[in-house]
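Below: the structure, in structure tokens.
The values are calculated or read from the model by the stated rules, or taken from the named source; none is laboratory data. These numbers were taken from a predicted model, which means no experiment stands behind them. Counting neighbours? That spans all protein chains shown, and the Cβs are built from the backbone with ideal geometry, glycine included. Accessible surface areas use protein heavy atoms only, side chains included; no ligands, DNA or RNA. Shrake-Rupley method; radii C 1.70, N 1.55, O 1.52, S 1.80 Å.
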Amino acid sequence: MVRVACFIFLLLNLIIRLLYLIFPVSLTRAENFPEFNMTNWVFIASGIVFYIISNILVEDYRKRKKSTAIMALFVFIFSLFIISCGMYSSFIATGDPRNSLTLYLISLIIISVLCVFEFYETVILLVSVELLFTMMLMLNHTDPTEMVYNQLVSLVLLGGFYLISRYFFSSKANYFLQLNEINEKNHEIERGSELKSQLLGMVAHDLRNPIAAIESVAMLMEMDDIEPDTQENLGFIKASCVKARTIIEDLLETARNENMIEFVMHKTELNKFITDIVEMWKIQDSTKNIELISHISPAYAMINHEKFQRVLDNLINNAFKFSKENSVVEIFLDHKGPNTIIEVKDKGIGISPEKLPIIFDPFTKAGRSGLKGEQSTGLGLSIVKQIIDKHKGKIQAESEEGKGSVFRIELPACDE
């Protein structure tokens with residue numbers, strides 16, 4: 001803030017100097033012009049010095065990340081200088097500052113608003129200003145009566161300066177305390193979130209072994225001659241194990257995404273990347289009818305291959321899960337301004353309007369079974385949004401019940 005004030009002070013004096021050059025005749029005839037002329041040069045030189053020092057101190061602050069006693073002293077000296085400039089200009093204008101206190105008053109207001117002082121600093125500044133004012137009155141050979149009047153006026157102005165300065169000090173101190181409190185709470189939330197993710201990951205990881213053991217025992221039992229009822233029960237156990245394993249994998253993925261510090265992305269041509277995923281789906285199940293419709297080629301974006309494939313696999317899987325047999329899933333690739341647009345569109349059962357706003361929430365209640373009874377963990381679309389956010393992209397959904405859904409991904413495009 002002080003650096004900006006130095007720059008403005010210097011700029012104003014340079015503008016005044018420019019006016020001297022543009023209108024030399026009219027201005028040089030003004031009363032006390034020689035004093036104004038000399039003062040302007042002094043102000044310009046001082047402004048340059050203050051601006052250079054302020055830049056040095058700002059750079060030092062950026063390195064240290066904390067203020068120093070030298071910085072506080074610089075702010076004090078600059079404040080005293082600005083008030084002195086306003087005070088001296090008032091003396092030059094009339095010789096009797098009581099008749100022309102505008103500049104003195106403005107300088108006091110500017111400093112009281114811009115600069116924050118401790119109580120003792122404010123008192124020292126007030127005493128210094130009053131001593132300077134008294135000294136100028138004495139050098140100006142002011143009449144004793146006029147000196148008393150001027151001192152009274154100055155004391156009134158300094159009293160106003162004190163009140164304004166303390167008011168802004170309290171406001172800024174309260175703001176600083178609130179900011180610190182918010183930062184502390186944010187750190188607590190981050191630590192809580194990190195602990196939750198670690199706990200989630202550990203629990204999910206430890207659950208995998210017993211579930212795998214149960215599934216293995218069920219498979220071994222199937223190898224023997226068993227009754228139909230037992231076979232049905234084993235099938236139920238295996239299906240439950242598959243569902244539990246899916247939930248565990250989603251929990252682990254959620255924990256990994258939240259704790260991932262380094263998110264490596266590579267410049268990728270999306271037409272080829274998506275085509276490979278489409279072909280993989282067709283190889284795994286030839287009955288799947290999926291098409292890529294591209295309106296832009298080549299289309300480059302920075303993506304994490306493993307994570308982004310999970311995004312597309314999840315969206316494609318959901319599209320088929322809620323669509324009828326032989327239904328077509330379409331993937332559109334286009335651009336909009338600086339972004340690349342990827343849309344996954346189906347003609348399935350759609351999503352109800354009340355569930356649409358919460359489909360990306362973790363453990364959302366919008367989760368439901370597929371048309372063939374496929375179970376939902378309520379984490380799939382939450383993981384998708386996590387990954388898209390890490391790509392600095394956006395995802396949104398549009399849907400109409402009975403007509404299908406469209407999931408639209410926006411990614412920052414990059415040059416070839």
So how strong a dipole does the range 269-315 carry about its Cα centre when Lys and Arg Cβ are +1 and Asp and Glu Cβ are -1, to the nearest 20 debye? 80 debye
Pick out which of I316, I277, I56 has the largest mean-square fluctuation in a Gaussian network model of the chain, springs linking Cα atoms closer than 10 Å. I56
Springs between alpha-carbon atoms under 10 Å, Gaussian network over the chain: tell me which of I237, I303, I248 tops the mean-square fluctuations. I237
Comparing R64, R245, R166, which has the greatest mean-square fluctuation in the GNM of the chain with Cα pairs linked when under 10 Å apart? R64
Quick one: which residues, 5+ away or cross-chain, put their amide H under 5 Å from the amide H of N339? H built at 1.01 Å from N. A413
With each pseudo-label sitting 7 Å past Cα toward Cβ, what's the V242-T102 distance in nm, one decimal? 8.7 nm
Farthest positive-ward along the chain dipole, Cα basis, beta-carbon charges - from I237, I290, T102: T102
Using label points projected 7 Å from each Cα along Cα→Cβ, tell me how many nm separate L292 and K185, to one decimal. 4.7 nm
Residue separation times 0.36 nm, minus the C-alpha to C-alpha distance between F168 and I77: what's the value? 30.8 nm
Which of A69, I247, S216 sits closest to the plus end of the dipole of the chain, meaning its Cα is farthest towards the positive end, when Lys and Arg get +1 and Asp and Glu get -1 on the C-beta? A69
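So, with a 1.4 angstrom probe, what is the percent of accessible area on the chain that is carbon and sulfur?
63 percent
Hey, what number do you get for the chain at 222 nm if only DSSP H runs of n ≥ 4 count, each worth -39500 (n - 2.57), divided across all residues, to the nearest 500?
It comes out at -23000 deg cm²/dmol, rounded to the nearest 500.
Can you tell me the accessible area per residue over the chain, all protein chains present, probe 1.4 angstrom, in square angstrom?
60 Å²
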Please compute the length gained on full extension between K390 and I358, using 0.36 nm multiplied by the number of residues separating them and subtracting their Cα-Cα distance. 9.5 nm
Please report how far the C-alpha centroid of the range 385-416 lies from that of the range 284-309, rounded to the nearest whole angstrom. 13 Å
Point-to-point label distance, D143-I226, nm (Cα→Cβ direction, 7 Å offset): 11.7 nm
Per the C-alpha gyration tensor (a ≥ b ≥ c, the square roots of its eigenvalues), the range 38-87 is rounded if a/c is under 1.5, else prolate if a/b beats b/c, else oblate; here it's oblate
So, with +1 on the Cβ of K and R and -1 on the Cβ of D and E, and no other charges, what is the size of the charge dipole of the chain about its Cα centre, to the nearest 20 debye? 1180 debye
Viscosity 0.692 mPa s, temperature 37 °C: what is the translational diffusion coefficient of the chain from Stokes-Einstein with a Kirkwood Rh over Cα pairs, rounded to a whole number of µm²/s? 114 µm²/s
For N326 and S128 in the same chain, what is the full-extension length gain: residue separation times 0.36 nm, less their Cα-Cα distance, in nm? 62.5 nm
Lys/Arg Cβ at +1, Asp/Glu Cβ at -1, dipole of the chain taken about the Cα centre: which of N304, V384, L132 is farthest positive-ward? L132
Can you work out ³J(HN,Hα) from phi for every residue in the range 327-341, in order, using Karplus 6.51 cos²θ - 1.76 cosθ + 1.60 and θ = phi - 60°, giving whole Hz and x for Gly and Pro? 6, 9, 10, 10, 10, 9, 10, 8, 9, 9, x, x, 10, 9, 10
Built amide H within the under 5 Å cut-off of L292, gap 5+: I331
